[in-house]
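Before any comments, here is the structure.
The values are calculated or read from the model by the stated rules, or taken from the named source; none is laboratory data. Just so you know, these numbers come straight off a predicted model, no measurement behind them. Don't worry about glycine lacking a Cβ; one is built from the backbone with ideal geometry, like all the others, and counts go over all protein chains shown.
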Amino acid sequence: MAKNTETFEQLMTRVRQCTLCQRDLPQPPRPVLSASAQSKIIVIGQAPGIVAHDTATPWNDRSGDRLRNWMGIDRNTFYNNQLISLIPMGFCFPGYKNGADAPPRKECAPTWHHLLLANIDPELVLLVGRYAQQYYTKHHKTLTEGVRQEAHAPGKFMVLPHPSGRNNRWLTKNAWFEQDVVPLLQHRVAALLSR
């Protein structure tokens, strides 16, 4: 069997040129992600919104501002892919459904995630939102259960709610998240980035 000699940069080039679900997208394909084999942290989100699509910058919106606040880091740190890889479940803007962003396309994660993650050995993987949680931690019945249980688990995963304003109700109902989980998240992130 031939050995795979593709470099991470070559893999990223292939990912950025992906047109797998082109026929089902409202805009031309534009995979929006940022990754490096050296990253200590991976943030796995849902899919880029229209602003992220238009600017080719992941998390370039209010949700990104809130996520960076939860992590306790600034934009420069967040976008330094030598420290943090930003890999969504769906790489392209999926359009709208019922007045909100549509769910991420289902083709991306099974096609690309295993290849990307095989080249990155992070110390922390943040699963942001229920799509990432359901894909990577299926054993949790709900996002809330995943957030609560993974926060104190010894492994690499931490589950977070999506930082969208649409989740303000969840955040109000689950005040323990910002009181207990966010400080723990900030401590873990700071410890990793200080090494």
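Within segment 97-118, residues that are on the phi < 0 side of the Ramachandran plot have Cβ atoms under 7 Å from residues that are surrounded by fewer than 17 Cβ atoms within 10 Å (Cβ to Cβ) in these pairs: ALA100/ARG166; ALA102/GLY95; ALA102/TYR96; ARG105/ASP24; GLU107/LEU20; ALA109/TYR135; THR111/LEU20, counting only partners at least 6 apart in sequence or on another chain. Restricting ALA118, ALA109 to residues that are among the small types (Gly, Ala, Ser), more than 19 Å from LEU192 (Cα to Cα) and within 12 Å of the chain's Cα centre (by Cα) narrows the list to ALA109.
Could you list, in sequence order, the residues of segment 123-164 that are among the β-branched types (Val, Ile, Thr), closer than 18 Å to CYS108 by Cα and surrounded by fewer than 21 Cβ atoms within 10 Å (Cβ to Cβ)? If the condition is that a residue be among the β-branched types (Val, Ile, Thr), closer than 18 Å to CYS108 by Cα and surrounded by fewer than 21 Cβ atoms within 10 Å (Cβ to Cβ), then THR137 is the only one that fits. Residue pairs whose Cβ atoms lie under 9 Å apart, sitting 6 or more positions apart in sequence or on different chains, and linking a residue in segment 170-195 that is modelled with pLDDT under 95 to a partner that is of a type in the set (Asp, Glu), are ARG195/GLU123.
Number of residues in segment 19-29 that are closer than 16 Å to TYR96 by Cα and in contact (Cβ under 8 Å) with a residue 40 or more places away in the chain equals 6.
Give the residues of segment 167-190 that are closer than 12 Å to ILE73 by Cα and exposed (fewer than 15 other Cβ atoms within 10 Å of the Cβ), sorted by residue number. Of everything in segment 167-190, those that are closer than 12 Å to ILE73 by Cα and exposed (fewer than 15 other Cβ atoms within 10 Å of the Cβ) turn out to be HIS187, ALA190. Could you tell me whether any residue of segment 105-117 is of a type in the set (Lys, Arg), within 30 Å of GLN22 (Cβ to Cβ) and buried (at least 18 other Cβ atoms within 10 Å of the Cβ)? Among the residues of segment 105-117, at least one is of a type in the set (Lys, Arg), within 30 Å of GLN22 (Cβ to Cβ) and buried (at least 18 other Cβ atoms within 10 Å of the Cβ), which makes the answer yes.
Within segment 83-101, being within 28 Å of GLN22 (Cβ to Cβ) and not in a loop (DSSP other than H, G, I, E, B) holds for SER85, LEU86, ILE87, PRO88, TYR96, LYS97, ALA100, ASP101.
Look at (1) aliphatic (A, V, I, L, M); (2) touching a strand residue (DSSP E or B) at 6+ places or on another chain (Cβ under 9 Å); (3) surrounded by 17 or more Cβ atoms within 10 Å (Cβ to Cβ); (4) farther than 21 Å from LEU117 by Cα and you find that ILE50 fails only one, number (3). Residues that are among the hydroxyl-bearing types (Ser, Thr, Tyr) and within 13 Å of the chain's Cα centre (by Cα) within segment 40-60 comprise just one, THR57. Selection within segment 60-82: residues that are touching a helix residue (DSSP H, G or I) at 6+ places or on another chain (Cβ under 6 Å) and not in a helix (DSSP H, G or I). The member of this set that is surrounded by the fewest Cβ atoms within 10 Å (Cβ to Cβ) is GLY72. Given the criteria surrounded by fewer than 21 Cβ atoms within 10 Å (Cβ to Cβ), out of contact with any Phe, Trp or Tyr (no Cβ under 7 Å at 6 or more places or on another chain), among the small types (Gly, Ala, Ser) and within 26 Å of LEU171 (Cβ to Cβ), does GLY99 qualify? Answer is yes for this residue. One residue stands out in segment 10-45 among those that are surrounded by fewer than 21 Cβ atoms within 10 Å (Cβ to Cβ) and touching a His at 6+ places or on another chain (Cβ under 8 Å): the one that is nearest to LEU185 (Cα to Cα), namely ARG30.
Just so you know, in segment 27-59 the residues that are of a type in the set (Ser, Thr, Tyr) and assigned to a loop (DSSP other than H, G, I, E, B) include one that is nearest to THR137 (Cα to Cα), and it is SER39.
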